[in-house]
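Worksheet: one structure, shown below.
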Amino acid sequence: MARIVMKFGGTSMAGIERIRNVANRVKQEVDAGNQVAVVVSAMAGETDRLVNFCREASPLYDPREYDVVVASGEQVTSGLLAIVLQSMGVNARSWLGWQLPIRTSDAHASARIATIDTEALGAALATGEVAVIPGFQGMADGDRITTLGRGGSDTSAVAVAAAMKADRCDIYTDVDGVYTTDPRIVPRARKLSRVTYEEMLELASVGAKVLQTRSVGLAMKEKVRVRVLSSFDDSRDEDGYRGTLIVGDDEIEEGSMERQLITGIAHDKNEAKVTLVAVPDRPGAVATIFTPLADASINVDMIVQNIAHETGSTDVTFTVPKAELTRALDVLEKQKPTIGFERVLHATNVCKVSVVGVGMRSHAGVAATMFKALADRGINIQAITTSEIKVSVLIEDDYTELAVRVLHTAYGLDAEEEADA
Ligand code: ADP
Ligand code: ASP
Ligand code: MG
């Protein structure tokens, strides 16, 4: 007997027929003698719909009430799954975030899980009852409902698995694993049978939304065995693997196929570019830009500072999340006398494309391959950042699909046959 957490995403939960399919999968695990906790997402599109209601109600909505509204999508699917399981003769009940409870920070709309009370849950599982837990939601001090940020049900699932010391955390979604890039963009993307926590963390953080970044960080820290697999397709790859297993670096053999120079390519259209023209070129100038942005909790990602003009000034370009652009411009305008720039430019028609792979540590020329492949297609690079295992470039968003495809080919990642995701 094993204790397992199964998580089902929005497409898997979209409608009663699909919930029946999910219930069948849960029943199989129960029939195999396992203790099962299920974490569910809202039906596909539902969270977007709820977010839009809040925006329509007031652009300056109270984030605490926003959380009350957007958490409701998962309440519906958890109740429905419990009903369908019961109709199949499986003993099941729902446990909302506040009932367990899952305690979180009070950062509404992007709360972090602090603790999960496992006593009642453990007792329920021990009786053979299936626990259905809505993902994405928790409760902050003062008993206010919180949500964990978009895609947060993955993190709920990993957190439940860690708290319950589960043997496995299976993330069921609408693709059959983690691919070398989004298979909806590159039909020749290849499924990875294994990927390391570190690479998955980096891929997720640069836009591969198949797992929420935080869920990967948590799985790495808590050593949760995470597998990504399809709710719709049970086929195995030629090596006999189903899905993708996230593993420690020591679990991938030296010299094996999986130890590629480049693991994958991801893109992110959620950033906006800001340029401050003619910032005085003197020590401390950059701090006057980024300190007030940090104070306003605005995350700055890529930064480029041009060489100084003869006039003793320089241009500084950086990116911020698109959703924070208005606030960032407001902060910068207020700081204009202190920073001393001439004018501010901004653009939202940009996309960040990133190449990730641990092999970069030991191989030179990865970035050069990227720049050349993009140049050959006439794609202009507006900003660059690198880390030990990643190179990212900012390009015009119209070129996103082309850039991802070209890079996928340039690094030799194309499969012979197209993925059928
Ligand atoms: P869920 O609702 O199950 O959480 P998501 O839509 O959040 O599903 O994540 C699955 C989607 O992630 C896929 O449909 C796919 O388009 C996208 N995706 C992006 N990058 C990758 C990748 N490298 N491998 C697999 N899927 C990816
Ligand atoms: N329903 C939430 C979202 O769409 C959480 C999730 O699906 O993971 O972001
Ligand atoms: Mg998701």
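The values are calculated or read from the model by the stated rules, or taken from the named source; none is laboratory data. Everything numeric here is computed off the predicted structure, so don't read it as measured data. Please note: Cβ atoms are built from the backbone with ideal geometry, for glycine as well, and neighbour counts cover all protein chains shown.
Look through segment 220-233, keep the residues that are away from ligand 2 (no atom under 15 Å from the Cβ) and either hydroxyl-bearing (Ser, Thr, Tyr) or closer than 16 Å to Val39 by Cβ (or both), and return whichever of them is surrounded by the most Cβ atoms within 10 Å (Cβ to Cβ). Break it down into steps so the answer makes sense when it comes.
Pass one, segment 220-233, residues away from ligand 2 (no atom under 15 Å from the Cβ): 220-225, 227, 229-230, 232-233.
Now narrow it down to the ones that are either hydroxyl-bearing (Ser, Thr, Tyr) or closer than 16 Å to Val39 by Cβ (or both): 222, 224-225, 227, 229-230.
Numbers: Glu222: 14, Val224: 24, Arg225: 16, Arg227: 19, Leu229: 21, Ser230: 18.
Among them, the one singled out is Val224.
If Ala375 meets every condition in (1) surrounded by 12 or more Cβ atoms within 10 Å (Cβ to Cβ); (2) out of contact with any Ser or Thr (no Cβ under 6 Å at 6 or more places or on another chain); (3) over 25 Å from Thr244 (Cβ atoms); (4) hydrophobic (A, V, I, L, M, F, W, C) apart from one, which number is that one?
(1)
Looking only at segment 38-61, count how many residues are of a type in the set (Asp, Glu), more than 17 Å from Leu80 (Cβ to Cβ) and surrounded by 12 or more Cβ atoms within 10 Å (Cβ to Cβ).
Here the count works out to 1.
Among Val206, Val216, which is the only one that is closer than 20 Å to Pro183 by Cβ, of a type outside the set (Asp, Glu) and within 16 Å of ligand 2 (Cβ to nearest atom)?
Testing whether each residue is closer than 20 Å to Pro183 by Cβ, of a type outside the set (Asp, Glu) and within 16 Å of ligand 2 (Cβ to nearest atom) leaves just Val216.
Considering Ala375, Ala323, Ala328, which residue is at pLDDT below 95 and not in a strand (DSSP E or B)?
Result: Ala323 is the single residue among Ala375, Ala323, Ala328 that is at pLDDT below 95 and not in a strand (DSSP E or B).
Go through segment 232-256 and report how many residues are under 30 Å from Ser110 (Cα atoms) and either touching a helix residue (DSSP H, G or I) at 6+ places or on another chain (Cβ under 6 Å) or not in a loop (DSSP other than H, G, I, E, B) (or both).
Within segment 232-256, residues that are under 30 Å from Ser110 (Cα atoms) and either touching a helix residue (DSSP H, G or I) at 6+ places or on another chain (Cβ under 6 Å) or not in a loop (DSSP other than H, G, I, E, B) (or both) number 5.
So Tyr61 passes all but one of these: (1) among the hydroxyl-bearing types (Ser, Thr, Tyr); (2) at pLDDT 95 or above; (3) assigned to a loop (DSSP other than H, G, I, E, B). Which condition number does it fail?
Status for Tyr61: all satisfied but (2).
Consider only pairs whose beta carbons are under 6 Å apart and that are at least six residues apart or on different chains; among these, list those whose first residue lies in segment 66-88 and is crowded, with 18+ Cβ neighbours inside 10 Å and whose second residue is acidic (Asp, Glu).
Close Cβ pairs satisfying both conditions: Gly73/Glu46.
Tell me, please, whether a residue that is of a type in the set (D, E, K, R), within 30 Å of Ala287 (Cα to Cα) and at pLDDT below 95 can be found in segment 395-409.
No, because not a single residue in segment 395-409 is of a type in the set (D, E, K, R), within 30 Å of Ala287 (Cα to Cα) and at pLDDT below 95.
Among the residues of segment 97-112, is any in a helix (DSSP H, G or I) and more than 16 Å from ligand 3 (Cβ to nearest atom)?
no
Among the residues of segment 102-150, what is the count of those that are touching a helix residue (DSSP H, G or I) at 6+ places or on another chain (Cβ under 8 Å) and on the phi > 0 side of the Ramachandran plot?
Residues in segment 102-150 being touching a helix residue (DSSP H, G or I) at 6+ places or on another chain (Cβ under 8 Å) and on the phi > 0 side of the Ramachandran plot: 4 in total.
Can we say Asp239 is buried (at least 22 other Cβ atoms within 10 Å of the Cβ), in contact with a Ser or Thr (Cβ under 9 Å, 6 or more places away or on another chain) and of a type in the set (Asp, Glu)?
No.
Would you pick out the residues in segment 133-162 that are without any contact (Cβ under 8 Å) to a residue 60 or more places away in the chain, outside any loop (DSSP other than H, G, I, E, B) and either surrounded by fewer than 24 Cβ atoms within 10 Å (Cβ to Cβ) or of a type in the set (Ser, Thr, Tyr) (or both)?
Of everything in segment 133-162, those that are without any contact (Cβ under 8 Å) to a residue 60 or more places away in the chain, outside any loop (DSSP other than H, G, I, E, B) and either surrounded by fewer than 24 Cβ atoms within 10 Å (Cβ to Cβ) or of a type in the set (Ser, Thr, Tyr) (or both) turn out to be Met139, Ala140.
Just one of (1) under 25 Å from Gln28 (Cβ atoms); (2) of a type in the set (A, V, I, L, M); (3) in a helix (DSSP H, G or I) trips up Ala120, so point out which.
Only one criterion in (1) under 25 Å from Gln28 (Cβ atoms); (2) of a type in the set (A, V, I, L, M); (3) in a helix (DSSP H, G or I) is unmet by Ala120, namely (1).
Could you tell me whether any residue of segment 94-104 is of a type in the set (A, V, I, L, M, F, W, C), within 16 Å of ligand 1 (Cβ to nearest atom) and within 24 Å of the chain's Cα centre (by Cα)?
The answer is no, given that none of the residues of segment 94-104 is of a type in the set (A, V, I, L, M, F, W, C), within 16 Å of ligand 1 (Cβ to nearest atom) and within 24 Å of the chain's Cα centre (by Cα).
Please determine, by comparing only the residues of segment 109-122 that are among the hydrophobic types (A, V, I, L, M, F, W, C) and out of contact with any Asp or Glu (no Cβ under 9 Å at 6 or more places or on another chain), which one is nearest to Trp98 (Cα to Cα).
Of segment 109-122, the ones among the hydrophobic types (A, V, I, L, M, F, W, C) are 109, 111, 113-114, 116, 120-121.
In the following step, the residues that additionally are out of contact with any Asp or Glu (no Cβ under 9 Å at 6 or more places or on another chain) were identified as 113-114, 116, 120-121.
On the way: Ile113: 12, Ala114: 13, Ile116: 10, Ala120: 13, Leu121: 13 Å.
Of everything passing the filter in segment 109-122, Ile116 is nearest to Trp98 (Cα to Cα).
In segment 182-231, which residues are free of Cβ contacts under 8 Å to residues at least 40 places away in the same chain and either in a loop (DSSP other than H, G, I, E, B) or away from ligand 3 (no atom under 16 Å from the Cβ) (or both)?
Selection gives Val210, Met220, Lys221, Lys223.
If you check Val68, Val5, Val26, Val38, which single one turns out to be assigned to a helix (DSSP H, G or I) and either within 16 Å of ligand 3 (Cβ to nearest atom) or more than 18 Å from Leu229 (Cα to Cα) (or both)?
Values: Val5 fails: assigned to a helix (DSSP H, G or I); Val26 fails: either within 16 Å of ligand 3 (Cβ to nearest atom) or more than 18 Å from Leu229 (Cα to Cα) (or both); Val38 fails: assigned to a helix (DSSP H, G or I).
After ruling out the rest, the residue left standing is Val68.
If I ask for residues that are out of contact with any Asp or Glu (no Cβ under 7 Å at 6 or more places or on another chain) and more than 16 Å from ligand 2 (Cβ to nearest atom), which ones from segment 145-168 would you list?
Passing the criteria: Ala163, Met164, Lys165, Ala166, Asp167, Arg168.
Among the numbered criteria (1) at negative phi; (2) surrounded by fewer than 23 Cβ atoms within 10 Å (Cβ to Cβ); (3) of a type in the set (D, E, K, R), which single criterion is violated by Lys165?
(1)
Quick one: which residue in Leu329, Leu293 is surrounded by fewer than 18 Cβ atoms within 10 Å (Cβ to Cβ) and either in contact with a Gly (Cβ under 7 Å, 6 or more places away or on another chain) or not basic (Lys, Arg) (or both)?
Numbers: Leu293 fails: surrounded by fewer than 18 Cβ atoms within 10 Å (Cβ to Cβ).
Step by step, each of Leu329, Leu293 is checked, and only Leu329 is surrounded by fewer than 18 Cβ atoms within 10 Å (Cβ to Cβ) and either in contact with a Gly (Cβ under 7 Å, 6 or more places away or on another chain) or not basic (Lys, Arg) (or both).
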